[in-house]
1. Restricting to the stretch 46-61, name every residue that is open to solvent by less than 70 Å² (accessible area, probe 1.4 Å) and under 17 Å from His33 (Cβ atoms).
2. Looking for something at pLDDT 90 or above and closer than 29 Å to Tyr4 by Cα - is there at least one such residue anywhere in the stretch 29-39?
Amino acid sequence: MQPYYNLPVIQRTIQCLVEKFNADEMLWHSLQHTRKLRRKTLKQLTPKQHQALDLLEFSALRPQDDYIGVPLYQGM
């Protein structure tokens, strides 16, 4: 994560959230091949079951959010 010292304090927090979102997006797109393969091989599963497996795989590979020591709001 980059510190973004050139931004105001409130925008730094928002920029960190944007970076986390973009990292999650990249991870989700990188797992697209396994999702397609799973849908071809496990045709007997329902769409809800496929979605649950997708989310389980995504959450297993995604790093945990660390909120310890991070203030929720940094006022101006």
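1. If the condition is that a residue be open to solvent by less than 70 Å² (accessible area, probe 1.4 Å) and under 17 Å from His33 (Cβ atoms), then His50, Leu53, Asp54, Glu57, Phe58 are the ones that fit.
2. Checking the stretch 29-39: at least one residue is at pLDDT 90 or above and closer than 29 Å to Tyr4 by Cα.
The values are calculated or read from the model by the stated rules, or taken from the named source; none is laboratory data. Everything numeric in this text was worked out from a predicted model, so none of it was measured. Methodologically, a virtual Cβ is constructed for each residue, glycine included, from the backbone with ideal geometry; neighbour enumeration extends over all protein chains shown. Areas reflect the complete protein model, heavy atoms only, side chains present, ligands, DNA and RNA absent. Shrake-Rupley method; radii C 1.70, N 1.55, O 1.52, S 1.80 Å.
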